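None of the figures in this text is laboratory data; all of them are computed from the coordinates on show. Note that the structure is a prediction, hence the values are computed from the model and not measured. Reconstructed Cβ throughout: ideal geometry from the backbone, glycine too, with neighbour counts over all protein chains shown.
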Amino acid sequence: MLVEDENVVAADIQECVKGLGYEVAGAAATGTEALRLAVDTMPDLVLMDIKLKGALDGIDVAGALYGQLKIPVVYLTAHADAEILERARQTAPSGYVLKPFDDRTLRTAIELAFDRHRRERQLIDGGQRMAAAIGSIDEAVIVTGESGQVALMNRVAEDLTGWTEEEALGKPVGEVFTILNALTGAPQASPIGRVFREGVAVCLGNSLGDGLGNSLGDGLGSDVVLLGRHGARHLIQGSATPVRDGGTHAVGVCLLFRAPSRRTADEPWGAPDHGAANRLQILGRLTAAVAQEFSRLLEAGPGRNRAARLANRLLEFSRRQPAPPAYLDLNELIAGLDDLLQCALGDGIALQLILGPAASAKADPGRIELILMQLALAACDAAFSGQFSIETSTVSSEDAGDSYATLSVTPAAVGRDLPAIDEIVRHSPGEIRLSVEDGALKIYLPAALP
């Protein structure tokens, strides 16, 4: 659909668009007429002149079209001053074309807009199917599209931000997720822009790292306060992680955060220890990885069953709470993690599970899951290629007469110099030993004898 108030210009653009092989659903000369026509025709894309006659200009119309009808807009304008561009940016357009333009420029803008909108819709559709799982996660989750607009948020995020998901959908995330410097009270730059520019995860609050013993990027450099819609303030921790399209391109951002003041010290994962911090970072990255996988699986019908299973695995992982060591079947535990582990590893690394007989141990299953997920994410970060292997077995010490269930993770280089693993082990109840042997990182756990 075309919105242009100069008749001659409108006729030329329509001929150009038809010549490129697209159908023109209709043309409007005023903002009011454009809104009415859009409702009647529901076009796939709108080419919008910014300067229009009447009370509504093109920016007003574009905001309404995307906010209410989710129709993408490409601006056609001869006006490029900073004030107008800033207003236009707030509507999250799918592109800009400066007049005068040629056929090639217009074709490129249209094709890029269609591609961008398709990928955003995949993310939103995937997010809707994940909503049941993410809605039950005890941390706040907000997922954005490529344009930085809110595509999904869970009940905890609603509570902390003061926005309902229905109100927030389609709005710029900076409007919903407003953060301040905890020391000065000054507005803090949103991490979203940096995540898109650099393709890296960014830490929210300086008390958390990436789970690898380092800060995520440089982090935001200070403690962060979330300013709620109605003035409430919460000190938060968390991360902003890119959601990728299967390659290196970020098609969205996953914000996962918590307000420690809302947790009691005796609540599971509530105390501000390293185990809780590691879990929060790992869960944030897994949520982003699952959102990424959803957008791909939902393209094909057969992939939808796996998508639902993956959402259930994420929910199970998120609900796992620290517990005293108990007798568990390591083979069953690891086999149940296969989807999440592969999601964490990405497409370039194959997961191999070699499950030995009667691999039973006495351990906290939540801590074992954290260690394995940390190792898988570290392998992905290291751009390792090949197989990521987990093998279970049981060994006995002839001297001491002790028996151990072991997990051998290959390659061992993945597990070296990872302070996060040491932190998880150090704060784990019961006995966990780590050792690098024969090219593998071995995790020793007390065996559960029959």
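Using a cut-off of 23 Å between alpha-carbon atoms, which lysines can reach residue 70, once sequence neighbours fewer than 8 places away in the same chain are excluded?
Counting by Cα, and skipping residues close in sequence, residue 70 has these lysines nearby: 51, 171.
Which length gain, in nm to one decimal place, applies between residue 42 and residue 422 when the Cα-Cα distance is subtracted from 0.36 nm times their residue separation?
Extra length from residue 42 to residue 422 when fully extended: 131.2 nm.
With a Cα-only, solvent-free Debye model of the stretch 156-202, what are the log10 I(q)/I(0) values at q = 0.22 Å⁻¹?
-0.92
Work out the FRET efficiency for residue 79 and residue 312 from their Cβ-Cβ distance, taking R0 = 45 Å, and round it to the nearest 0.05.
Values: r = 50 Å, r/R0 = 1.12.
Computed FRET efficiency for residue 79 and residue 312: 0.35.
Sketch the reach of a paramagnetic label on residue 87 as a point 7 Å from Cα along Cα-to-Cβ, and name the residues of the stretch 59-74 whose backbone nitrogen lies under 12 Å away.
Zone members listed by number: 59-63.
Taking R0 as 25 Å, what's the FRET efficiency between residue 347 and residue 118 from their Cβ-Cβ distance, rounded to 0.05? Write out the running numbers ahead of the final one.
Values: r = 20 Å, r/R0 = 0.80.
So the FRET efficiency works out to roughly 0.80.
Could you give the nm distance between label points at residue 434 and residue 383, where each point is 7 Å from its Cα heading toward the beta carbon?
Each label point is offset 7 Å from its Cα along the Cβ direction, giving 2.4 nm.
Along the Cα→Cβ direction, 7 angstrom out, place labels at residue 355 and residue 403. What is the inter-label distance in nm?
For residue 355 paired with residue 403, the spin-label model returns 2.0 nm.
Restricting things to Cα coordinates, could you compute the convex hull volume per residue of the stretch 1-127 in Å³? List each step's numbers first, then the result.
Working: hull volume 12.8 nm³, N = 127.
Cα convex hull per residue, to the nearest whole number: 101 Å³.
Once R0 is set to 51 Å, what does the formula 1/(1 + (r/R0)^6) return for the Cβ-Cβ distance between residue 7 and residue 186, expressed as a FRET efficiency to the nearest 0.05?
0.55
So what is log10(I(q)/I(0)) for the stretch 1-75 at q = 0.16, 0.22, 0.26 1/Å, when the Debye sum runs over its Cα atoms only?
These q points yield log10 I(q)/I(0) values of -0.48, -0.92, -1.27.
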